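The values are calculated or read from the model by the stated rules, or taken from the named source; none is laboratory data. Only a predicted model underlies this, so the values are computations on that prediction, with no experimental measurement involved. Glycine also receives a Cβ, built like all others from the backbone with ideal geometry; neighbour counts cover every protein chain displayed. Only protein heavy atoms, including side chains, enter the accessible area calculation; ligands, DNA and RNA are left aside. Shrake-Rupley method; radii C 1.70, N 1.55, O 1.52, S 1.80 Å.
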Amino acid sequence: MSQTYQLGSRSVQRMGYGAMRLSGPHIYGPPADRQAALAVLRAAVESGVNHIDTSDYYGPHITNQLIREALHPYQDDLVIVTKVGARRGTDASWLPAFSAADLQQAVHDNLRNLGLDVLDVVNLRVMFDPMQPAEGSIEAPLTALAELQQQGLVKHIGLSNVTAAQVAQGRSICEIVCVQNQYNLVNRDNDALIDELARDGIAYVPFFPLGGFSPLQSATLSQVATRLQASPNQVALAWLLRRAPNILLIPGTSSLSHLHENIAAGSLHLPDDAMAELDAMSAR
């Protein structure tokens, strides 16, 4: 099993890091312990992570500012992937921000707060339904984002929270280098999409790989973990890495111990019998 995969023009470690949880409660406001947040970012990179997922609407602005404080100037092989298409309300709500002006502002906010001249990868977060993919044309916002790419502000474009039809529409407008949707051991709606993208060499980046705000709980998962002398979270991450070669992981945490636990999952071997037991969970 390869430990790296192509993301746009760069090769990244398949075990990355998601920075969302570094800001305050509900992904809003500053972290309770700023120094601890900075330490987690530095430890991730020191451990070999070279793919960090973020967005300027985390905080808002705060997570990107933490990344810049902790890691700038960035090492040459570090790929920072961000998202646009949403904004935060004063009540911490998640609101669509799809207009050309919204997207231009978001790209410039990301550039400024990360301290970059160009963004490696920008995912268009589709917000017809903030909680799950919902059908609708993405032609207008994606065309606007592609224009920012043509201006040299964005190297590569991805999609987030999208249906298979929207992926197809997106690929007819511009090159799509990754798709970021919710997917994990118990949420497998994207099985066919993952396989289609793998055939075409496009990365698939599951968010909430451990269940997100509703952590994975399963007797089967716990039993396999006990047998392998690993944690359930490690087994769930290892399953994703073996599920398809184009899957890139970005588990998020604000804890150093959880960070090291997640990274160690990249070297956990899942024997065939364990893989079969975990695969069967989707049929229950």
For segment 211-232, give me each residue that is at pLDDT 90 or above, of a type in the set (Ser, Thr, Tyr) and open to solvent by less than 60 Å² (accessible area, probe 1.4 Å).
SER222, SER231
Is there any pair with a first residue in segment 87-98 that is more than 13 Å from MET127 (Cβ to Cβ) and a second that is outside any strand (DSSP E or B) and open to solvent by 100 Å² or more (accessible area, probe 1.4 Å) whose Cβ atoms are under 6 Å apart and which are 6 or more apart or on different chains, and what are they?
ALA92/HIS26
Filter segment 30-49 for residues that are without any contact (Cβ under 8 Å) to a residue 40 or more places away in the chain and open to solvent by less than 80 Å² (accessible area, probe 1.4 Å) and give the result.
LEU38, LEU41, VAL45
Can you tell me which residues in segment 71-116 are under 17 Å from the mean Cα position of the chain (by Cα) and not hydrophobic (A, V, I, L, M, F, W, C)?
THR82, LYS83, GLY85, ASN110
Subset of segment 134-143 (residues that are open to solvent by less than 60 Å² (accessible area, probe 1.4 Å) and either free of Cβ contacts under 8 Å to residues at least 12 places away in the same chain or of a type outside the set (A, V, I, L, M, F, W, C) (or both))
GLY136, PRO141, THR143
Given (1) in contact with a strand residue (DSSP E or B) (Cβ under 8 Å, 6 or more places away or on another chain); (2) not in a helix (DSSP H, G or I), number of the condition ALA44 does not satisfy
(2)
Run down LEU111, LEU116, LEU95 and say which single residue is in a strand (DSSP E or B) and not charged (D, E, K, R).
LEU95
Scan segment 50-97 residue by residue and report those that are farther than 23 Å from MET15 by Cβ, crowded, with 16+ Cβ neighbours inside 10 Å and of a type in the set (A, V, I, L, M).
ILE62, VAL84, ALA86, ALA97
Considering LEU119, LEU124, which residue is free of Cβ contacts under 8 Å to residues at least 60 places away in the same chain, surrounded by 21 or more Cβ atoms within 10 Å (Cβ to Cβ), under 22 Å from GLN182 (Cα atoms) and under 17 Å from the mean Cα position of the chain (by Cα)?
LEU124
What is the residue count in segment 1-26 for residues that are in a helix (DSSP H, G or I) and open to solvent by less than 10 Å² (accessible area, probe 1.4 Å)?
1
Cross-chain or 6+ apart pairs with Cβ under 6 Å, segment 262-284 first and at pLDDT below 95, then open to solvent by less than 20 Å² (accessible area, probe 1.4 Å) and of a type outside the set (A, V, I, L, M, F, W, C):
GLU277/THR220; MET281/THR220
